[in-house]
1. Straight-line reach from LYS183: which lysines have Cα under 16 Å away, leaving out those fewer than 8 places along the same chain?
2. Normalise the Cα radius of gyration of the stretch 59-98 by 2.2 N^0.38 Å (N = residues in it) and let me know the number.
3. Give me the Debye-computed log₁₀ of I(q)/I(0) at q = 0.17, 0.21, 0.22, 0.28 Å⁻¹ for the stretch 31-90, equal point scatterers on Cα only, no solvent, two decimals.
4. Which of ILE41, GLN74, THR84 sits closest to the plus end of the dipole of the stretch 28-204, meaning its Cα is farthest towards the positive end, when Lys and Arg get +1 and Asp and Glu get -1 on the C-beta?
5. Cα centroid distance between the stretch 65-142 and the stretch 167-206, in Å?
6. Running Debye on the stretch 28-204 with equal point scatterers at the Cα sites and no solvent, what base-10 log of I(q)/I(0) appears at q = 0.10, 0.11, 0.12, 0.18 Å⁻¹?
7. For a quick check: sort LEU99, LEU143 by the number of other beta carbons within 10 angstrom, fewest at the front.
8. Order these by the 10 Å Cβ neighbour count, fewest first: ILE63, ILE88.
Amino acid sequence: MIRIKSFLLSVLATFFVVCSFSSPALSADPTEELRPTLDGIMAIITDQMFTGDEHKALRRSKIMDIAHQGFDFQMMSKLVLGKTWKTIDAQQRTIFEELFTKLLENAYIGKLEDYTGQVTKYTGERVKGKKAEVSTLMENNGLTLPVNYIMIDSGTGWKVYDIKIEGVRLLRNYRAQFKSIVKKEKFEGLVRVLEEKNADFAKEGT
């Protein structure tokens, strides 16, 4: 009887050890995974060393280095292009991803740069399966800017794949525009439009 009990205890102990190592790790809270990325971006924007137009290129470079850690720009590019993504080759996908990431930098980071003394407030979080939406509010000298981050559990952590600024989702807005352009001017026409848009942003910043 003692031997049987010892055997059963040994089996149970082995079972729990195996389960503890084989069970997939739970993903961290979406808000807590997003926080370091946003804090890092805001730290660069508000750092006196990088303020002013003369430091814009360096400031943007540092901001995007941080953004790449928390944003899935490849997924964003794939989703915004829709069916067209499947019709283009690897080189074209790379070109589009670079141009679209630059456009997001100009549209999203450009907005945040107007809020130089801001405070980020995390106002809510909704999680449904592997998707989540984290709501934030940017406050600066009486001005407020609501920015929500749409995230997905990539298996290695939560990543942003869409942004909602003042109630407008960037991907939905751009997807409709891009679909219309591709229909009229093919993929090559869309590339030209993105190049022109980014060039216009560059001129505005000079």
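Read-outs: derived from the displayed coordinates by stated rules, not from any lab. This is a predicted model, so every value here is computed, not measured. Positions of Cβ are generated from backbone atoms using ideal geometry, with glycine treated the same way; all protein chains shown enter the neighbour counts.
1. Leaving aside lysines fewer than 8 places away in the same chain, those within reach of LYS183 are LYS83, LYS86.
2. The reported ratio for this selection is 1.32.
3. Log10 I(q)/I(0), no solvent term: -0.69, -0.82, -0.85, -1.06.
4. Value: THR84.
5. Taking the Cα centre of the stretch 167-206 as reference, the centre of the stretch 65-142 is 15 Å away.
6. So the normalised log intensities are -0.40, -0.49, -0.58, -1.27.
7. Details: LEU99 19, LEU143 10.
Exposure proxy ranking, most exposed first: LEU143, LEU99.
8. Final ranking by Cβ density, sparse to dense: ILE88, ILE63.
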